[in-house]
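One structure below.
The values are calculated or read from the model by the stated rules, or taken from the named source; none is laboratory data. The model shown is predicted, which means the values in this text are computed figures rather than measured ones. All Cβ positions, even for glycine, are placed from backbone atoms using ideal geometry, and neighbour counts span all protein chains on display.
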Amino acid sequence: MWDVNPPIFLFLDIQLSLLRAADGTVLYSRRSAWVSAGRPLTAWGATNAEPVRQELERAIRYLAERIVDVVFLLRSYP
Amino acid sequence: MRPRRSAPMNMGQRPRSRVQVWPLGLLLLVGACAPGAVIGLRPEYPPIGQLFGTGYDFVEVDSLQPTLRWEAFPRKQDLAADTEGVLGQLTAVTYDLEIWRAGRTFQYPAERVYAKRGLTETFHRIEQPLAPAVRYSWTVRARFLVNGEPRVTEWAMYEWENAKLRGPFEELFPSPRYFRFATPVQ
């Protein structure tokens, strides 16, 4: 059954690219996304959309951690 | 085989950064994982079922402070694939653990409620009681040094059954494929 006030999710879609400064060659590229917890539209818009700003800050912080991981730390094994 | 970066080079794509409100893709992204197949370290407790289909339910743990367990790194398959001996230079293995409260819709990880870095054992008892009768997602990874340089493995999660269903993203964060458990009523 459809909810009259369904949850809405905030997606932050990023394209991470690592370029060689000398010639701009793309050395590494990856597309990632952050998805928030769902909230009704009215909750997102409360207090002049402060929840949207807070969620964006959280998403950017997590994605920054993730970028450090994948570029500098991550090794994949079978 | 030499250990490799987890994501392939993705040349020629137009760089972009934008915010989207896109609630409908989650159903597609959550479903269709191979039964029992995982990426990264396999949990030993709580046991994993399937992300989708039979065993979809969250496994109820034995207390509000469960002891989570996982396999040790490096595993046999890591050593077997390490033909260049990189893992022979591996030191200072520890583990990172994260627990996320699941959202009410799609049971997607919604809020990181617990995080530990540098665990020296392959198990960890949750230090503060979790909320009763709540669904959680959890994941673990190894952190180590290779020739003195810090490295991590991928966060552990269910493997995709069908790569075509991954959607446009190489990864979604936090991943809907983290492992799952539910706390008892009390």
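So, B:Phe169, is that one within 11 Å of chain A (Cβ to nearest Cβ), surrounded by 15 or more Cβ atoms within 10 Å (Cβ to Cβ) and modelled with pLDDT under 85 or not?
Details: within 11 Å of chain A (Cβ to nearest Cβ): yes; surrounded by 15 or more Cβ atoms within 10 Å (Cβ to Cβ): yes; modelled with pLDDT under 85: yes.
When the stated conditions are applied, B:Phe169 passes them.
Restricting the search to segment A:23-78, which residues are within 30 Å of B:Thr83 (Cα to Cα), among the hydrophobic types (A, V, I, L, M, F, W, C) and not in a helix (DSSP H, G or I)?
A:Val26, A:Leu27, A:Leu74
Does segment B:114-133 contain at least one residue that is at pLDDT 90 or above, assigned to a strand (DSSP E or B) and β-branched (Val, Ile, Thr)?
Step one: filter segment B:114-133 for residues at pLDDT 90 or above, giving B:114-133.
Next, from what is left, pick out any that are assigned to a strand (DSSP E or B): B:114-119, B:123-125.
The next check asks that each one be β-branched (Val, Ile, Thr); those that pass are none.
Scanning segment B:114-133 turns up no residue that is at pLDDT 90 or above, assigned to a strand (DSSP E or B) and β-branched (Val, Ile, Thr).
State all residues of segment A:41-78 that are at the interface with another protein chain (Cβ under 8 Å from one of its Cβ atoms) and of a type in the set (Asp, Glu); if no residue qualifies, say none.
Selection gives A:Asp69 alone.
Of all the residues that make up segment A:1-35, how many are surrounded by 14 or more Cβ atoms within 10 Å (Cβ to Cβ) and either touching a Cys at 6+ places or on another chain (Cβ under 6 Å) or among the β-branched types (Val, Ile, Thr) (or both)?
Within segment A:1-35, residues that are surrounded by 14 or more Cβ atoms within 10 Å (Cβ to Cβ) and either touching a Cys at 6+ places or on another chain (Cβ under 6 Å) or among the β-branched types (Val, Ile, Thr) (or both) number 4.
Within segment B:131-154, how many residues are touching a residue at least 60 places away in the same chain (Cβ under 8 Å), touching a strand residue (DSSP E or B) at 6+ places or on another chain (Cβ under 7 Å) and not hydroxyl-bearing (Ser, Thr, Tyr)?
Within segment B:131-154, residues that are touching a residue at least 60 places away in the same chain (Cβ under 8 Å), touching a strand residue (DSSP E or B) at 6+ places or on another chain (Cβ under 7 Å) and not hydroxyl-bearing (Ser, Thr, Tyr) number 8.
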